1. Going through THR131, THR180, THR100, THR104 one at a time, which residue ends up being in contact with a helix residue (DSSP H, G or I) (Cβ under 7 Å, 6 or more places away or on another chain) and under 30 Å from PRO40 (Cβ atoms)?
2. With respect to GLY274, determine if the residue is touching a Phe, Trp or Tyr at 6+ places or on another chain (Cβ under 7 Å) and either within 20 Å of PRO92 (Cα to Cα) or outside any strand (DSSP E or B) (or both).
3. Condition (residue is under 15 Å from PHE280 (Cβ atoms), in a loop (DSSP other than H, G, I, E, B) and at pLDDT below 95) applied to the range 93-114: is it met by at least one residue?
4. Looking only at the range 257-284, count every residue that is out of contact with any helix residue (DSSP H, G or I) (no Cβ under 9 Å at 6 or more places or on another chain), aromatic (Phe, Trp, Tyr) and closer than 21 Å to ASP83 by Cα and tell me the total.
5. Just to verify a result, which residue in the range 172-202, among those that are within 25 Å of ASP158 (Cα to Cα) and among the polar types (S, T, N, Q), is farthest from the chain's Cα centre (by Cα)?
6. Might you let me know whether the range 251-259 holds any residue that is in contact with a Lys or Arg (Cβ under 9 Å, 6 or more places away or on another chain), in contact (Cβ under 8 Å) with a residue 24 or more places away in the chain, of a type outside the set (Lys, Arg) and not in a strand (DSSP E or B)?
7. Of everything in the range 237-290 that's within 18 Å of the chain's Cα centre (by Cα) and of a type in the set (D, E, K, R), which residue is surrounded by the most Cβ atoms within 10 Å (Cβ to Cβ)?
8. Which of the following residues is modelled with pLDDT of 65 or more and out of contact with any helix residue (DSSP H, G or I) (no Cβ under 8 Å at 6 or more places or on another chain): LEU18, LEU75?
Amino acid sequence: MLKKSVCSMALGAALILLVQSALAQNYSGPPKTNIQAYGPFTSSTTAPSKPVSEVSGAVAGAGAGTCGNPAAKCLFYGGNFSDNPLGPPSLPNALANETTALITGTPYGAATWVPFTVPAGQTWAVTGLFTNNLAAFGVLDQSPIEPVAAAFWSINEDVAAGSAGTVVASGTSAATSTATGRGAFGLQEYTVQVTGLSFDLTSGSYWLAVVPLCTNTADPFCDGVWFESDVEYVNLTPTNAFGPAEPVDAAFFDSPFFSLSFDPANSAVGACGGFGCDAFSAGVLGSKVK
């Protein structure tokens, strides 16, 4: 758990109001599933970002065949979030991906499920998973055993609308939260990454979730927001994408808090309301067994 004085807690609370006001344009009411739902925005108010070479451990920035933050050997990465200047200003988006003091639930308050494929004839030895998230603070201070920062993670197969499919591997593990240097909507982007995993995936279609946890009600940072960054394919090729291409329009949003059960992320009636969300910024770490 973070050690904070009364003064720093007050400052944190003030920062929460500042960031959430920027995000929601002075919106007051219940949380919403995606960033664009707080709009309309004429611009996504992109925060200044550093070149990859200047960001320590930047996603896919540490050499060929690596991804994650800190970077490690990569099997799949959907690509970097981009506020595309060539596309409509409403296109960049992100979906709630969090368990916090505000967005509660079991095993999570809200999760974005990202599809990926293990090619025919291959077996992957998975050692880690990560998601990139636009967040107010990027702070993880939840147990299972405080003060270990943690995230819920899972790999499922046969996911479909209204169905979680079958769990292949899952858990709540120690996690890191590291800034990527990118940002938008008044928020900065953080990579939430779990490592030390050990399981194999044979060829087939899968969905992954890595959900940051921050539920300590005594910690004002846990009133912050987390949104998993989307990856757009309009007028661009996703930067630093690696491995098998992420299936487009195949992600799902599941949330006990928002009373949604594996709702398709994309489409006019999907969780993102038709604004972006055809793919998401997430990845799998490890190596090919064969």
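The values are calculated or read from the model by the stated rules, or taken from the named source; none is laboratory data. Here the structure is a predicted model, which is why all the values come from computation and not from measurement. Don't worry about glycine lacking a Cβ; one is built from the backbone with ideal geometry, like all the others, and counts go over all protein chains shown.
1. On the way: THR131 fails: in contact with a helix residue (DSSP H, G or I) (Cβ under 7 Å, 6 or more places away or on another chain); THR180 fails: in contact with a helix residue (DSSP H, G or I) (Cβ under 7 Å, 6 or more places away or on another chain); THR104 fails: in contact with a helix residue (DSSP H, G or I) (Cβ under 7 Å, 6 or more places away or on another chain).
Every option except THR100 fails the conditions.
2. On the way: touching a Phe, Trp or Tyr at 6+ places or on another chain (Cβ under 7 Å): no; either within 20 Å of PRO92 (Cα to Cα) or outside any strand (DSSP E or B) (or both): yes.
No; evaluated as a whole, the condition is false for this residue.
3. Going residue by residue through the range 93-114, those that are under 15 Å from PHE280 (Cβ atoms) are 93-98, 110-114.
Keeping just the survivors that are in a loop (DSSP other than H, G, I, E, B) gives 93, 97.
Remaining after also requiring at pLDDT below 95: 93.
The answer is yes, given that some residue of the range 93-114 is under 15 Å from PHE280 (Cβ atoms), in a loop (DSSP other than H, G, I, E, B) and at pLDDT below 95.
4. So the answer is 1.
5. Looking at the filtered set, the residue picked out is THR202.
6. The answer is yes, given that some residue of the range 251-259 is in contact with a Lys or Arg (Cβ under 9 Å, 6 or more places away or on another chain), in contact (Cβ under 8 Å) with a residue 24 or more places away in the chain, of a type outside the set (Lys, Arg) and not in a strand (DSSP E or B).
7. Within the range 237-290, the match that is surrounded by the most Cβ atoms within 10 Å (Cβ to Cβ) is GLU246.
8. Testing whether each residue is modelled with pLDDT of 65 or more and out of contact with any helix residue (DSSP H, G or I) (no Cβ under 8 Å at 6 or more places or on another chain) leaves just LEU75.
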